[in-house]
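Student: My structure is below; once you've seen it, I'll send some questions.
Computed from the coordinates by the stated procedures, all read-outs in this text should not be read as laboratory data. Keep in mind it's a predicted model, so treat the numbers as computed, not measured. Note: ideal-geometry Cβ built from the backbone for every residue, glycine included; neighbour counts use all protein chains shown.
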Amino acid sequence: MRPRKPTSAELRLQRQNDGLGIEIVKLRQQLATKERYAGRLEYLLRERLTRIDELNGKIDQLRHQNKKLDAEAEHYAALLTQN
């Protein structure tokens, strides 16, 4: 027994199905590319936030050092005015 020929509607559906399969492959590739890009941005953001935290720590340290130096300068100024 010979297999029957597909109808024109079945052929149309098969072409549509094939086209959708290709579209799915393209969309998966686009998604993978965007996920890699997003991952890289997340990495860069973490690096930047780490650097910002380091710099904020340094700023706090320098502020503390400046306060000590101001207090020392005021102390020396007071000593000079007493003499």
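Student: Roughly speaking, what is the stretch gain from Leu80 to Lys5, that is 0.36 nm per residue apart minus the C-alpha to C-alpha distance, in nm to one decimal? Don't skip to the answer; put the middle values down first.
Tutor: On the way: separation 75, 0.36 × 75 = 27.00 nm, distance 11.02 nm.
My answer for the length gained is 16.0 nm.
Student: Using only Cα atoms, tell me the angle between helix 8-82 and the longest principal axis of the chain; keep it within 0 to 90° and round to the nearest 10.
Tutor: Its long axis makes an angle of about 0 degrees.
Student: Report the local net charge at Glu47: Lys and Arg +1, Asp and Glu -1, summed over other residues whose C-beta lies under 13 Å from its C-beta. Before the final figure, lay out each step's value.
Tutor: Values: positive: Arg40, Arg46, Arg48, Arg51; negative: Glu42, Asp53, Glu54.
With Lys, Arg at +1 and Asp, Glu at -1, the net is +1.
Student: Give me Rg over Rh for the chain, both radii from the alpha carbons and Rh done the Kirkwood way, two decimal places.
Tutor: Values: Rg = 35.5 Å, Rh = 20.0 Å.
Dividing the radius of gyration by the Kirkwood radius yields 1.77.
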